Structures are given as structure tokens and as C-alpha cells.
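In what follows, a structure is listed as C-alpha cells, so that the remarks can point back to it.
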Amino acid sequence: MIKEHFLSITDLSAKEIWQVFHMAKELKEELKSFGGNAPLLKDKNMVMLFEKPSLRTKLSFDIGISQLGGHAIYFSPQEVGLGQRELAADVAKVVSSMADLIVARVYSHTTLEELAQNSRAPVVNALSDLEHPCQALADLFTIWEVKRYQDLSGLVMAYVGDGENNVTHSLCLGAVMMNMEFRCGSPEGFWMNGQIVSKAESFGGKITETKDPQEAVAHADIVVADTWVSMGDTDEEVRKERFRPYQVNAALMSLAKPDAIFMHCLPAYRGKEVTAEVIDGPQSVVFQEAENRLHVQKSLLIWLLSRQLKHKLNNN
Ligand code: CP
Ligand code: NVA
């Protein structure tokens, strides 16, 4: 049953990620050329259950399904009380008896697993403490666009900052699935989750973890940062102190390749994990990256519902 869902970027194979990217490219071109898309998800209902705030994720899923002829229903953090007012399992059974898709942003990844195990509709991870796979898909798609649709194999992605982070984990997995090299520069105690690293290594990719941000960034094609304090983190003061040497500034960017790009999922904190000079400078692609959340997630939703339909037809 869990196969129907998208909780980790590894729930798609590399081949399937490319299918999603090619359809996302077509959807983006169709939207830009004609101002709209064919209503491929006409009358489909998508329920969004969010335990945390959001701008991009809520916006892109809501507008995305509308552009495809479907409808979104959003529940804010106060409304449902996943696991508190009601068991996540019960929520999944009720919601999936009426809706076609569940998009959930949660504190604990286990809440997503409980939703998925009890849902008849595909469940999509809109960010958990462990992964942010929709963000990583949009990021890899953006790199593909910037590289003019050439193969991503051999590119070096350097992430600097909090390694034990949802975005880092999904990027590490996604990058090695695309045959890219992944480097993570983080202070001791903030390295990537060991299980994620083992999973990434099982794809045969090259992964380096280092305390030295300069080593991480040297001759990289892509430099990535994220907030030092993620939603749900409580040790803000410790983090700000420990991460100070990991700021992406012009001096650090100058160690990457001359045509390297800078990426950040946003929201960003200028003067903390990145300087304004870098994020607002010519190497930054952060707003292209944010817009691509829309195009890639539309493709993902179509892909997930098509797969579910195929499974249903095969089982009848
Ligand atoms: N990048 C991202 O997921 O942004 P939001 O938290 O605003 O959705
Ligand atoms: N790592 C960040 C990503 C925000 C989109 C967080 O979890 O808050």
C-alpha cells in the first residue's frame, strides 16, 4: 500500500523522476505559452494537512491543482490536531474516503507513515523532520533547466550548514540518484542522519561529509544553504553560534566553479546562513527554484494519480 505514496524522494526511481521532470517541463511550457493547462486533474480533490507554516508549499500545491482543474482544501495547524485531537490513522481513513490526494506537512515523519498506512489516496510529504522531497525534486529540475537540459551526471552539489536537515537529506538522496556527487559541510553534531547516508550510499553515489565548509564547496557546480534553525528546532542560540563559520558569502562562493549556482529553498535569513550579496546576486537561482515548485508538483500529482489508476486496473 505504501508504494502509492511519496514520503521520500526514493519513493520514485531515477527513471520515474525523469518522467516527472519531462512532464513538468511540458506543463511549464504549456502554462507560459497558453496561460493555462489542460484539466488533467478535473474534479480531483486534494486535502492539505499542515502542522507547520508555509508560503511556497501551500501556494504551489493549491494553485497547481486549480490549474489542472482540481480543487484544494487546506487545514491549518490549529484545525485537525493530527495525533492529538484525533489519531493520524483515523484522519487518513476519513480524508481518503472523500478526497483523491493527501498532502501533509508534519513535525514527525512517523505521522506521515501512519497517514500513508491508513490512506486509500496517495499521501505526499510536504515536509517532515526527515525529508522535504518535493523541494528536492524542484531543485534538481531547476539544475536541469540551468544546465540546458543536459544530463546531471557528474555535477557536484555542495550543501553548507545544518546537515541533519530535511532539505539536506532529500537533496543528498536525490543527487546520488541523479549520479551527482554530494558534499555536506556541517559542524560536528549536525551531520546527516546515518540511515539517510546509508540509503544514499546504496545508490552507489559519492558522498562526502566534512567539518570544513571550504572543502565542501571547492570546485562545486551547485552551492546550497538552508536556514540554521528549522521549524521545530528549539536550540536556536546554540545553532546560531555553531553555524556562524558556515555562512555562504562571496568568499565561500568564490571557491566553487566560476559558473556555480546558489540555491536555497526559502525562507532565507540574510546575514545568517547566506549574505544578501550572494542570495540577491547573479549566481543565485532561488526564485526560479521557488517557481519550479509549482510545475514539478503538478507533474508529480498527475504521475501519482496515474500510477494509482494503473494499479487499480491491473488488480481488477
Ligand atoms: N521551501 C518551502 O517549503 O517553503 P515554505 O515553508 O514556505 O512552504
Ligand atoms: N529546513 C527548513 C525548510 C523550510 C522550507 C525547515 O524545516 O524549517
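Just so you know, all these numbers are worked out from the coordinates, no wet-lab data involved. Since this is a predicted model, take the numbers as computed values, not measurements. In this analysis, Cβ positions are derived from the backbone assuming ideal geometry, glycine residues included, and neighbour counts consider all displayed protein chains.
Our helix-only sum for the chain, with -39,500 (n - 2.57) per DSSP H run of n ≥ 4 divided by its residues, gives a mean residue ellipticity at 222 nm of -13500 deg cm²/dmol. Just so you know, the Rg over Rh for the chain is 0.96, from Cα atoms, with Rh as the Kirkwood radius. In a DSSP loop and with at most 13 other Cβ atoms within 10 Å, the trypsin sites (Lys or Arg not before Pro) in the range 125-195 are ARG148. Taking the Cβ of ASP90 as the center, what net charge do the other residues with Cβ under 14 Å away carry, scoring Lys and Arg +1 and Asp and Glu -1? That works out to +1. Close amide H contacts of PHE50 (hydrogens built in the peptide plane, cut-off under 5 Å, sequence separation of 5 or more or a different chain): PHE75, ARG105.
Using the Cα centre of the chain as the reference point, and only Cβ charges (+1 on K/R, -1 on D/E), how large is the resulting charge dipole? Debye, rounded to the nearest 20.
900 debye
Cβ under 12 Å from LEU41's Cβ, LEU41 left aside: what net charge do those residues give with Lys, Arg +1 and Asp, Glu -1? Result for the local shell: +1. Rg then Dmax, both in Å and based on the Cα atoms of the range 208-299: 13.8, 40. Restricting the range 145-197 to chymotrypsin sites (Phe, Trp or Tyr not before Pro) that sit in a DSSP loop and have at most 13 other Cβ atoms within 10 Å of their own Cβ leaves TYR149.
Where Lys and Arg each count +1 and Asp and Glu each count -1, what net charge lies around ILE9 among other residues with Cβ under 12 Å from its Cβ? Summing Lys and Arg as +1 and Asp and Glu as -1 gives -3. Length gained on full extension, SER66 to GLN214, computed as 0.36 nm times the residue gap minus the Cα-Cα distance: 48.9 nm. Of THR111, THR234, the sequence from fewest to most neighbouring Cβ atoms within 10 angstrom is THR234, THR111. Neighbour counts of C-beta atoms inside 10 Å place ASP221, ASP139 in the sequence ASP221, ASP139, starting with the fewest. Its alpha carbons give the range 1-159 an Rg and a Dmax of 16.3, 49 Å. For GLU209, the residues 5 or more places off, or on other chains, whose built amide H falls under 5 Å of its own are CYS184. Each of PHE50, PHE6 was scored by other Cβ atoms within 10 Å of its Cβ. Arranged with the fewest first, they read PHE50, PHE6.
Bin by bin, in steps of 5 Å, what percent of the Cα pairs in the range 93-193 do you find, going until the bin that has the longest distance? Spelled out per bin, shortest first, that is 2, 13, 18, 19, 16, 13, 10, 6, 2, 0.
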